[in-house]
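Visitor: Pasting a structure here, questions to come.
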């Protein structure tokens, strides 16, 4: 790469430049696009010219506001398909935009780096918002004081290993309705509602790599029925393999009894509620958080000396 050579080329006044983009999806798939009339290799990625991609001029500021730019293109099975957009495979994908000397593709300049934001489809094409690196600074930071746990099951704060036997299972789909309600057979002796608030990962088929959140987990006469909060955005067929991971309702009791992980509980189960701030003393009515105090450790009673 030679930025100096590109600047010198631009200074001549007669230029041979074009734009190129690379997109890295969260599942690791790398794609390249260019508005030139032939394919170019930019930053180690082959940018294809037959995708119909184009972009508006980049508008960048020195502040922390989101950079104002868009990328538009035509939907095609060879590049970006409508099914992939519906499935959310491009949500939050990493994007880099380049200015390239197409006569010497090794001379390019990185003009923009960020991620894909809102994506809309119409008339056989799509329009994707480009969000700059400052977008992450708009996310809320810090922790809230609340009765329930603020950690995500299995993350670095929770520290629970969901790969332990009994907390996840790989099942073959027997029947499926609207990519949202799944029926399984021979699921072992796991308790009903064990997987509620958990996740369902699709392992095989056209929807492989997509994830859903479990709403209901019931045992019926036909078998185990798992219902998601929202349909997965790709087709799932009988015979596909999925992995179902148990869920947590974020309460202290569940953390202690279901996971034996109360030492890592990240909530405040005895904090007074908001209604307590405006209440008045009433006999026999507790003013603490909710319910009896929970012991921090299950230790034997101390032996008097």
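The values are calculated or read from the model by the stated rules, or taken from the named source; none is laboratory data. On a predicted model such as this, the values are computed, not experimentally measured, just so you know. No Cβ is skipped: glycine too gets one built from the backbone with ideal geometry, and neighbour counts run over all protein chains shown.
Visitor: If you scan region 169-194, which residues turn out to be outside any strand (DSSP E or B) and under 11 Å from residue 240 (Cβ atoms)?
Guide: Result: 173, 174, 179.
Visitor: Any residue in region 210-223 that is over 26 Å from residue 254 (Cβ atoms), under 16 Å from the mean Cα position of the chain (by Cα) and surrounded by 16 or more Cβ atoms within 10 Å (Cβ to Cβ)?
Guide: Yes, some residue in region 210-223 is over 26 Å from residue 254 (Cβ atoms), under 16 Å from the mean Cα position of the chain (by Cα) and surrounded by 16 or more Cβ atoms within 10 Å (Cβ to Cβ).
Visitor: Anything in region 116-149 that is touching a helix residue (DSSP H, G or I) at 6+ places or on another chain (Cβ under 7 Å) and either over 30 Å from residue 252 (Cβ atoms) or part of a strand (DSSP E or B) (or both)? List them, or say none.
Guide: Correct list: 119, 121, 126.
Visitor: Right, next: Among the candidates 100, 181, 202, single out the residue that is over 18 Å from the mean Cα position of the chain (by Cα), surrounded by 14 or more Cβ atoms within 10 Å (Cβ to Cβ), more than 28 Å from residue 268 (Cα to Cα) and outside the structural domain of residue 39 (by TED's automatic domain parsing).
Guide: 181
Visitor: Further question on the same structure: I want to confirm something. Restricting to region 224-235 and keeping residues that are modelled with pLDDT of 90 or more and surrounded by 13 or more Cβ atoms within 10 Å (Cβ to Cβ), which single residue is nearest to the chain's Cα centre (by Cα)?
Guide: Out of the qualifying residues, it is 232.
Visitor: Among the numbered criteria (1) in contact (Cβ under 8 Å) with a residue 40 or more places away in the chain; (2) surrounded by 17 or more Cβ atoms within 10 Å (Cβ to Cβ); (3) more than 22 Å from residue 89 (Cβ to Cβ), which single criterion is violated by residue 207?
Guide: Only one criterion is unmet by residue 207, namely (3).
Visitor: If you don't mind, another one. Find the residue count for region 244-277, including only residues that are out of contact with any helix residue (DSSP H, G or I) (no Cβ under 7 Å at 6 or more places or on another chain) and not in a helix (DSSP H, G or I).
Guide: 16
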